[in-house]
Structures are given as C-alpha cells and as structure tokens.
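Undergrad: Would you mind keeping the following structure in view while I ask a few things?
The values are calculated or read from the model by the stated rules, or taken from the named source; none is laboratory data. Keep in mind that this is a model prediction, so the values were computed, not measured. Using ideal geometry, Cβ is built from the backbone for each residue, glycine included, and neighbour counts are taken over all protein chains shown.
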Amino acid sequence: MTDTLAPGTAADVATTASRAFRDALEVIESVEPRIAAATRAELTDQRASLKLIASENYASPAVLLTMGSWFSDKYAEGTVGHRFYAGCQNVDTVEALAAEHARELFGAEYAYAQPHSGIDANLVAFWSILAHRVEAPELAEHGVKNVNDLSEDHWEVLRKKFGEQRMLGMSLDAGGHLTHGFRPNISGKMFHQRSYGTDPETQLLDYDEVARVAREFKPLVLIAGYSAYPRRVNFAKMAEIAAEVGATFMVDMAHFAGLVAGKVFTGDEDPVPHADLVTTTTHKSLRGPRGGLVLSKEAYAADVDRGCPMVLGGPLAHVMAAKAVALAEARTAEFRAYAQRVADNAQTLAEGLQRRGVKLVTGGTDNHLVLLDVSGFGLTGRQGESALLDAGIVTNRNAVPNDPNGAWYTSGVRIGTPALTTRGFGAAEFDTVAELIVNVLKQTTPTTTASGAPGKAKYTLAPGVAEATKAAAAELLDANPLYPGLEL
Ligand code: PLP
C-alpha cells in the first residue's frame, strides 16, 4: 500500500496536483517547449525504471509544487530576523518554520535550514567547529570580539592554526563519504585526515579500532556517518570516544535521516542526542526537496548561523519552504510507517539475495541499503551496474572494503530501498527484485582483454535477459505506480 501523504496521494489530491503540474508545464511550454518536453520525459522515465539508488527517493507533489514559487526571487542573506536585505518577512516565516519542524522532529537543540545540499551542510558544520574550537579561543586570548579586529600578525597565527586541524572519519571503501576529509573535496584540504575502516573479518565497524586511532591521532573532529555502510552505528559509543580524545563529534546522517525521523533508529542509534553537530541532506530517505540541514547543540548555534555568507550563497527560500513541507510530512504516523517499511524491505532484499547465493558486505543489512560484492559473479562493480541498467534496474557501483578494483571499477553494487518503498513495494516485490538482480548478474559475462583475462569495464548480457527483466519489472512497476492518479 502506498503512503497517503507521499507520492501516492488520495484521489482528489492527485487530481488537483495533475491540474497544477499540467498548467505549469503549459506555461513553461509557451517559453521553452524543450524544457517542458524534458520534464514530461523525466516523469515517464522515472515511472518506468526500477530505481534502487540508495540516495534517491520521490518527493510528494506538495513538496515539488512548493519549490515552484516566487520565493525563488527573494534575496535573504543572514538569519531569521537579521537579514542583510529588506522585505524578508515571508522568508523569515518559511525559514523559522523549517527550523522548528526540524528541531521538533529530531529533538535537536538548534536547526539551520539554509544549506543548499549535503556538501554545503557539512561545510557549514566544519566552519562552525573551526570557529568554535579554534577561532573563538584565539579571539579570547587576544581580547577581541571580531576576527577583523585581530592584528595582521595574530590573524596569520590563526590562519596557520586553521590549517593544522585534524579530522577522523570512516574510510571511503568502508562506506564513508568524500566530504569527510578526502582530497577530492575541500574537507581534505582543510583538514589533515585519518580514517577508520571496518573489521577485516566481519566488515563491521570496530569501535575499539576507532578508539585506538582516535587516541593516537587526537582529531579536532570525529565524524561518523556513511554513504555505503549497510549497518547501524552506535553513536553513544562514538560520542564516548570523541569525548575521551577531546574531539567535537559530528554525524553526517545524509543517508539515513529518514530512519532517524521515522524513529527506526532510536536510543544509541539516534545521532542527535549524542553528537555536537548533525548534518543531513533532505532528499534521500527523508524524502524532501534537494537540500541540507544542520542540527546542533545550542553551544554551536551562533557559529552555525554564520553559514551564510561564510560558506553559503543566499538562502533558497523556495527550497526552505519545501523543506518545511517535507518535514511536516515526516512528522506524521504515515512517515514513521514508511521508514519502518524501508528497513523491513532492505532485510527482505538482503535475504532474497543471500538465499540466491550473493555475497553481501557485512553479511546483511539493518538499515536502508545493501552492498553486493559482485566479484563472485566474476564481475566488477562497473560491469554489474551497467548490465543491471541494460535490464532496466538502476543501481550504482561502489567500492567494497579493501577493494582490489579501486574506486572507479569497484567490486560492489549498492542498492537501497527508500524509492521503491515510496512506490508501495513490499516484501513480495523486493523478493522478486532480488531474483531479477541475481538473474541478470548470473547471465553477464565479462569481456576478456587481449591477454585473455577478464576486463573491468566491458561485458555481454545473455540474449533476451534484458527484455525479460524489463517485462517482469514493468509488472511490478505498473502494480505500484509512481504518483498514482497524476496525469499530465
Ligand atoms: N554526505 C553523505 C553521507 C552523502 O551520502 C552525500 C551524498 O551522496 C552527501 C553528504 C552530499 O550530499 P549532496 O549531494 O546533497 O551535496
């Protein structure tokens, strides 16, 4: 059964939404018909694909429609009630409401609704930690209130101190994210980084090892959170480690915020009571518009509020409005039921894959994603991803711990349940999905190189498999339509 508030809405809401989208597309068509056509085509494609990308979802018509307004035209740098622009009273209403919903939903002391994305939310958090832990003590030492009042010599000392700070986060191949101190992201240039991996046998997070590295490295920031780790994390334990070494504890819950909001992760598995700062995206399991949020303890609030213009451009008021709508949805019993189904479906998917002989990283899942090790099929992650896509199954390749194929070709395929659960998929459908995936992987053969060894990119899919898989997937998709009743 599809949710009532999310894409599958009551019939009258679907009719109204159909009219709204149809009218909007007509207006767009009168100016640039190719954009209207591409927008229509995107809905057709999304409706027809088995979307298993763990970081994607389908926002409700209410969330999508909220973004198409004149709030987009308003500049509002600053914070609620303290703007650098005149006429921000309605933006104030929107931002205050988004923050209030976020605080109440997550039980956070402070919420900042401005970040444009997850990366931006992390940047705000990193600068807040530097401001709180490095800049503020330096200003206090020199008896000045504002960084602009530091002498050039003292400013030079402060700049040097910024560059000396350390961050400890999860390694990329264990499931960490680029923004947790890795070179391709600015965080890897702002901080000296060390990472913690997972146990070589169990592939589970080894808290003793995290503590050992933390004691040795003494980071300013201990960061937890992941993009591809299929397990829950004990944030109470991580907070203890951070406290022992004097680190600020930050959690990036971009992936699993929906499970926190939906009260699937509670107690030690809920990061909000345990971390100094928590960042998230709003568009993955949380099912809102593309965007980010920072939640923090009160002690960090003033520093977080400096996000714009420190590292963010002017707030996107139309997206903050959509965040408020999505957070209001996430506070309902329907959303809690949805979040539980996301986790239950991941279990079913994992069991269905394992029963059919697939090796899963960590031997299973207890969150919203599974990570298949496709090396048992003689494939790289890239070949697995491409063959599945040929058969209409949209996933993405991902490194597995100590991946012999590196971060580009990889040995893993990451699969998540949030999007198809929104469409209404349950246990039976996810078991069929497991069967389809295994069938495609079994019938994919890597193309050999000139020396006769299996290559890393090319492959052949046995004749007829793509067509048969697409036909089977279409049955599932037709029975669980995306935006039922929405007609353009
Ligand atoms: N943090 C984590 C853990 C993520 O998985 C992602 C996105 O994949 C991000 C941050 C970045 O989010 P965004 O793409 O919105 O910047």
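Undergrad: Considering only residues that are more than 20 Å from the chain's Cα centre (by Cα) and within 16 Å of the ligand (Cβ to nearest atom), look in the stretch 175-194 and name the one that is modelled with the lowest pLDDT.
TA: Looking at residues that are more than 20 Å from the chain's Cα centre (by Cα) and within 16 Å of the ligand (Cβ to nearest atom), I get Met190.
Undergrad: From Gly291, Gly307, grab the single residue that is crowded, with 24+ Cβ neighbours inside 10 Å and either within 16 Å of the ligand (Cβ to nearest atom) or modelled with pLDDT of 95 or more (or both).
TA: Residue meeting the stated conditions: Gly291.
Undergrad: Could I ask something else about it? Among the residues of the stretch 222-229, are any surrounded by fewer than 21 Cβ atoms within 10 Å (Cβ to Cβ), among the hydrophobic types (A, V, I, L, M, F, W, C) and closer than 23 Å to Ala407 by Cβ?
TA: No, the stretch 222-229 contains no residue that is surrounded by fewer than 21 Cβ atoms within 10 Å (Cβ to Cβ), among the hydrophobic types (A, V, I, L, M, F, W, C) and closer than 23 Å to Ala407 by Cβ.
Undergrad: Something else about it: Show the residue pairs meeting these rules: Cβ distance below 7 Å; 6+ apart or different chains; first residue within the stretch 1-27 and modelled with pLDDT under 80; second residue of a type in the set (A, V, I, L, M, F, W, C) and outside any helix (DSSP H, G or I).
TA: Listed pairs, sorted by first residue: Thr4/Ala10; Pro7/Leu482.
Undergrad: Something else: Can you pull out every residue in the stretch 250-296 that is closer than 16 Å to Lys237 by Cα and out of contact with any Ser or Thr (no Cβ under 9 Å at 6 or more places or on another chain)?
TA: Of everything in the stretch 250-296, those that are closer than 16 Å to Lys237 by Cα and out of contact with any Ser or Thr (no Cβ under 9 Å at 6 or more places or on another chain) turn out to be Phe265, Thr266, Gly267, Asp268, Glu269, Asp270, Pro271, Val272, Pro273, His274.
Undergrad: Follow-up question, since we're still on this one. Only residues that are within 27 Å of Asn57 (Cβ to Cβ), of a type outside the set (S, T, N, Q) and more than 22 Å from the chain's Cα centre (by Cα): list them for the stretch 364-387, please.
TA: Those that are within 27 Å of Asn57 (Cβ to Cβ), of a type outside the set (S, T, N, Q) and more than 22 Å from the chain's Cα centre (by Cα): Val374, Gly384, Ala387.
Undergrad: A follow-up question, please. Every residue in the stretch 112-167 that is within 30 Å of Val94 (Cβ to Cβ), within 16 Å of the ligand (Cβ to nearest atom) and outside any helix (DSSP H, G or I), please.
TA: Residues satisfying the conditions are Tyr112, Ala113, Gln114, Pro115, His116, Ser117.
Undergrad: Another question about this same structure. Of the residues that make up the stretch 133-148, is at least one closer than 19 Å to Pro271 by Cβ and touching a residue at least 60 places away in the same chain (Cβ under 8 Å)?
TA: So far as the stretch 133-148 goes, no, none of its residues is closer than 19 Å to Pro271 by Cβ and touching a residue at least 60 places away in the same chain (Cβ under 8 Å).
Undergrad: Any residue in the stretch 264-272 that is hydrophobic (A, V, I, L, M, F, W, C), out of contact with any strand residue (DSSP E or B) (no Cβ under 8 Å at 6 or more places or on another chain), within 16 Å of the ligand (Cβ to nearest atom) and under 16 Å from Leu105 (Cα atoms)?
TA: Among the residues of the stretch 264-272, at least one is hydrophobic (A, V, I, L, M, F, W, C), out of contact with any strand residue (DSSP E or B) (no Cβ under 8 Å at 6 or more places or on another chain), within 16 Å of the ligand (Cβ to nearest atom) and under 16 Å from Leu105 (Cα atoms), which makes the answer yes.
Undergrad: Also: Looking at Glu216, Glu269, Glu240, which one is of a type in the set (Asp, Glu), modelled with pLDDT of 95 or more and closer than 26 Å to Val361 by Cα?
TA: Only one candidate passes the filter, namely Glu269.
Undergrad: Scan the stretch 206-237 residue by residue and report those that are within 15 Å of the ligand (Cβ to nearest atom) and without any contact (Cβ under 8 Å) to a residue 40 or more places away in the chain.
TA: Passing the criteria: only Val233.
Undergrad: Against the condition closer than 22 Å to Asn396 by Cβ, of a type in the set (D, E, K, R) and outside any loop (DSSP other than H, G, I, E, B), how does Asp173 come out, does it pass?
TA: Criteria met by Asp173.
Each row is one residue, and each column tells you yes or no for (1) assigned by TED's automatic domain parsing to the domain that holds Ala228; (2) without any contact (Cβ under 8 Å) to a residue 40 or more places away in the chain; (3) closer than 26 Å to Ile119 by Cβ.
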{"position": "Pro309", "(1), (2), (3)": "yes, no, yes"}
{"position": "Thr348", "(1), (2), (3)": "no, no, no"}
{"position": "Gly357", "(1), (2), (3)": "no, no, no"}
{"position": "Val361", "(1), (2), (3)": "no, no, yes"}
{"position": "Thr365", "(1), (2), (3)": "no, no, yes"}
{"position": "Val374", "(1), (2), (3)": "no, no, no"}
{"position": "Thr380", "(1), (2), (3)": "no, no, no"}
{"position": "Val394", "(1), (2), (3)": "no, no, yes"}
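Undergrad: Next question, about the same structure. Identify, by number, the condition in (1) within 13 Å of the ligand (Cβ to nearest atom); (2) modelled with pLDDT under 95 that Lys323 doesn't meet.
TA: For Lys323, the exception is condition (2).
Undergrad: I need a count of the residues in the stretch 380-419 that are hydrophobic (A, V, I, L, M, F, W, C), out of contact with any strand residue (DSSP E or B) (no Cβ under 6 Å at 6 or more places or on another chain) and more than 17 Å from Gly176 (Cα to Cα).
TA: Number of matching residues: 3.
Undergrad: Only one of Arg166, Arg133 is among the basic types (Lys, Arg), modelled with pLDDT of 95 or more and over 30 Å from Ala407 (Cβ atoms); which?
TA: Exactly one of Arg166, Arg133 is among the basic types (Lys, Arg), modelled with pLDDT of 95 or more and over 30 Å from Ala407 (Cβ atoms), namely Arg133.
Undergrad: Sort out which residues of the stretch 238-260 are away from the ligand (no atom under 16 Å from the Cβ) and either of a type in the set (Gly, Ala, Ser) or crowded, with 22+ Cβ neighbours inside 10 Å (or both), and write them in order of number.
TA: Ala239, Ile241, Ala242, Ala243, Gly246, Ala247, Thr248
Undergrad: Hey, another quick one. Hey, among the residues in the stretch 62-85 that are within 16 Å of Ala321 (Cβ to Cβ) and among the β-branched types (Val, Ile, Thr), which one's surrounded by the most Cβ atoms within 10 Å (Cβ to Cβ)?
TA: Val63
Undergrad: Check Ser195 against each of (1) more than 18 Å from Thr365 (Cβ to Cβ); (2) touching a residue at least 40 places away in the same chain (Cβ under 8 Å); (3) surrounded by 15 or more Cβ atoms within 10 Å (Cβ to Cβ) and name the one condition it does not meet.
TA: (2)
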